[in-house]
Amino acid sequence: MTLPRLSAATWEARVARGLPEHVRGPAVDPAALTVGQVHLGVGAFHRAHQAVCTEDAAAATGETRWGVLGVTQRSPRVVEQLAPQDGLYGVLTTGPDPSLRVVGSLRDVAFPGRDTPRVLDALAAPTTHVVTLTVTEKGYHRGADGGLRTTAPDVVADLAGAAVELQHDDGTASRTAVGLLVRGLVRRHRTSGAPLTVVPCDNLAGNGAVLRRLVEQALAAVPRTDEVAAWVASSVRFPSTTVDRIVPATAPEHRAAAAALLGLEDEGLVVGEPFFQWVVEDDFAGPRPAWELAGATFTHDAAPFERAKLRVLNATHSALAYHGALRGYATIAQAVADPDLEAMARALVDEDVLPTLTAPDGLSLDAYRDDVLQRFADPGTGHTTVQVATDGSQKLPQRLLGTAADRLAAGAVPHAVARAVAGWVAYVRATAAGDLVVDGRRVPLDDPLARRLAEAAAGPDPVDRLLALREVFPEPVATSTAFRDAVRAALRELTLTPAAR
Ligand code: CS2
């Protein structure tokens, strides 16, 4: 039987029939919300994280000015999912007591391919106070020095677009998030000049400072933007934030569970674990949603949280993803259930990560490690090893290689990090050769540097050649003979393990 599709009208009819116990609706009346927040990268993570927090914050204060305009630059698919549903979508929370919540804070979704003027207008509007971003690590287009890759074709095109924007709107689409943001900032400066806060929510160390630098570099590369740059320096803030919620790709089982609870078909459904964390630096240029009333923590310095999260959670996640996939496990939950791999994850934290961390106020790092591993073990999330394993070249630096650099600087050889890196090397080699099959499917090498990684991995000494990639391995790690030997030794051991073949 085909169910009717979720929309404002079908939802209202559903409410009128009475909702089951584990289903609830928007915390605010979606129709009453106006747009005050623009989000770049409206994928599953935003919908299960910031969009929920913004809605709860609006509900807590009764404000109606915090509707979200969600922007996707990758494909119009999200627009196709959400526009026919009047922006409504469900968040299925997994765990022992699954529940479904329909969220209504996304008031509009846009694909700049065709909606550029609308997006730029929203970025410039004085009623927009906050721009949030989840565009993944690779979405920032950073080079080996961490700065903007101003020679990348998409970035070059966007800088030309920003130059034109100084005079008028030429209607072309921006291809990168930084390009779109810079163009929006140029227009905002030209029109309202109202202050703005830009809040990156991706897993990058010091994400606020990183994004500010990219914006400054983009402006420096566009002629006649000195005034805009001065205005950005005085009126635009870039607080760093740490976000945490495990949000797997939505699978058919999730859709079936949600349809059973809702009695409606939801093409925009997203899934998340019960855990939620958002640590935000309290550095805003103007008004913002009262996220602190909806579970977020405000701090003067997000760095200790960010470091702990990247080095404990994301590092073990990646290590389990590579080693787990090599052993044929489809999900992170299956990988962490393997005693060998659980011990590997623990050793990574205990031997190499903890010595590099200072516990953020009120957090026991031992307890944090245990909680993280327990969260990974939840079979309900269905987070796949292959999903977490994507884009390794972009993830390794902040998850593993900072730890390696710190350990080497302290005179220790980070063997546990070397083992995790050996898992990545073996994964790159196996996927590039078309040799890795997980869950009956051949796994491709999914990484923005795939071509170069494949070339390096195909040679006689993949460790040497992969470690030479300066965009991935920082100098002190790349040039350490002890680290290189440790990775080689771990790789040899890995290929000798029958399960890894
Ligand atoms: C994961 C993260 O896909 C990945 O690389 O490690 O997305 C992880 O699930 C989140 O950071 C959890 O907050």
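All of the numbers you see were taken from the coordinates with simple rules; none came from a lab. Computed from a predicted model, the values in this text were never measured in an experiment. When we count neighbours, we look across all protein chains shown, and the Cβ atoms used for this are built from the backbone with ideal geometry, even at glycine.
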Radius of gyration, Dmax [the range 8-299; alpha carbons; angstrom]: 18.8, 60
Using the Cα gyration tensor of the range 250-364, the equivalent ellipsoid's semi-axes, largest first and to the nearest Å, work out to 29, 28, 10
Towards the positive end of the charge dipole of the chain, with charges on Cβ (+1 Lys, Arg; -1 Asp, Glu), say which of Ala489, Phe276, Gly62 has the farthest Cα. Ala489
Where nothing but the Cβ of Lys and Arg (+1) and of Asp and Glu (-1) is charged, how large is the charge dipole of the chain around its Cα centre, in debye to the nearest 20? 920 debye
Taking neighbour counts of Cβ atoms within 10 Å as a proxy for exposure, in what order, fewest first, do Asp378, Asp97 appear? Asp97, Asp378
Using the eigenvalues of the Cα gyration tensor, what equivalent ellipsoid semi-axes result for the range 131-183 when each is taken as the square root of five times the eigenvalue, whole Å, largest first? 20, 13, 8
For the range 70-194, what log10 I(q)/I(0) values come out of the Debye formula at q = 0.09, 0.21, 0.23 1/Å, with one point per alpha carbon and no solvent? -0.31, -1.24, -1.37
For the range 132-227, fraction of C-alpha pairs farther apart than 20 Å, in %: 32 percent
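Convex hull over the alpha-carbon atoms of the chain: what's its volume per residue in Å³? Walk me through the numbers before you get to the answer.
Values: hull volume 72.5 nm³, N = 501.
With only Cα atoms used, the chain gives 145 Å³ per residue.
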Highest mean packing first, using Cβ neighbours within 10 angstrom, the peptides 284-291, 398-405, 357-364 sort as 398-405, 284-291, 357-364
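From largest to smallest, what semi-axes in whole angstrom does the range 314-438 give when each is the square root of 5 times an eigenvalue of its alpha carbon gyration tensor? Don't skip to the answer; put the middle values down first.
Working: eigenvalues 110, 67, 25 Å².
One finds semi-axes of 23, 18, 11 Å for the range 314-438.
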With only Lys, Arg, Asp and Glu charged, each at its Cβ (+1 for the first two, -1 for the last two), find how big the charge dipole of the range 303-500 is about the Cα centre; round to the nearest 20 debye. 420 debye
Report the one residue of Val42, Gln85, Gly143 whose Cα lies farthest in the direction of the positive end of the charge dipole of the range 8-299 (charges on C-beta: Lys and Arg +1, Asp and Glu -1; origin at the Cα centre). Gly143
Based solely on its DSSP helices, what 222 nm [θ] is calculated for the chain when runs of n ≥ 4 H residues each add -39,500 (n - 2.57) and the sum is averaged over all residues, nearest 500 deg cm²/dmol? -13000 deg cm²/dmol
